[in-house]
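Scroll down for the structure; my scribbles are underneath it.
Read-outs: derived from the displayed coordinates by stated rules, not from any lab. Nothing here was measured: the structure is a model prediction, and the numbers come from that model. Please note: Cβ atoms are built from the backbone with ideal geometry, for glycine as well, and neighbour counts cover all protein chains shown.
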């Protein structure tokens, strides 16, 4: 990239993410908005800390997450930490919003929460701006409903397409949407993607050295160092005695009234089978396609023939299904409250060789209240089969 284009890129980043920190390490790529004083006060005053990392495979892998854990242990050597790895490969912010309560807060309140979904919202879910907001706002708002004192940090990783967007002087859609939520809720963010773009444009780093979509140790170290810099900015000086006294302010109105701030799982055992569905652990040995071990012992609501039908009563404004969609994945037909059936495809472009975890929304933008879902397997399919394997229903 030419010097002029590099300067243009930096100008765009300064406008998008503020220039108040431009003279500090990593400049405006570390956005120290809001505060992190409540988690620090808990660590120092109570000598314990619960820290969670929610995201996709970048979070699940042995990458930035354990590095940040070690940074916290170094900063607070007398603290007994409990670290929660809530990363699940391939999942997006929509799935994250629905599994937040069970995967992050199931064992109690969390003091500090890191959220990472920019890459998967882009390359896995191909979300629109609105879908990105619904998922991320759902995560942040619900987290603060579950613990009003929880400190949240959003971090933006990068793939090749997002890198090209940044190098052209633009902001990737998923980053723009997640940053909209961060600003609305006064949540600090770490724009690793912009730092990688800056370093590559300046000849200080190559995409290969960074490690690609799943960063190498060098790439993860950059992410961890940026988070450490965020800590340095936001934890400067002594902790105030009244630091945990008041909860984080919550916007009265959501950016999107239909954001998944009440997202939750519904046990598929609560469905009523009309015909053709069984609740059991699938016979994975007989099924082609790769399987991830974390899913192979889970009982699922399964059907493989068109016309199989079940019903589910739920409360809220949206309903969906958290499924494994493999090489034989079919499609579902969903009707709410007796309305017209809508066809929802389960097969994903990554399903060809993998039983791929994803959340499909069956109905959204419903009136608040009690509803009845009627679900059946469609005779239409984009694969060689018609299979549906539901790990959880989801509702908001």
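Just one residue in the set 389, 374 is crowded, with 23+ Cβ neighbours inside 10 Å and assigned to a strand (DSSP E or B); that residue is 389. The condition of being over 18 Å from the mean Cα position of the chain (by Cα) and over 14 Å from residue 378 (Cβ atoms) holds for residue 353.
When the range 362-371 is filtered for residues that are assigned to a strand (DSSP E or B) and surrounded by fewer than 18 Cβ atoms within 10 Å (Cβ to Cβ), only 370 remains. When the range 87-107 is filtered for residues that are buried (at least 21 other Cβ atoms within 10 Å of the Cβ) and part of a helix (DSSP H, G or I), the ones remaining, listed by number, are 93, 94, 95, 96, 97, 98, 99, 100. Does residue 382 satisfy the condition of being out of contact with any strand residue (DSSP E or B) (no Cβ under 7 Å at 6 or more places or on another chain), over 23 Å from residue 97 (Cβ atoms) and in contact (Cβ under 8 Å) with a residue 24 or more places away in the chain? For residue 382, the condition - out of contact with any strand residue (DSSP E or B) (no Cβ under 7 Å at 6 or more places or on another chain), over 23 Å from residue 97 (Cβ atoms) and in contact (Cβ under 8 Å) with a residue 24 or more places away in the chain - is not met.
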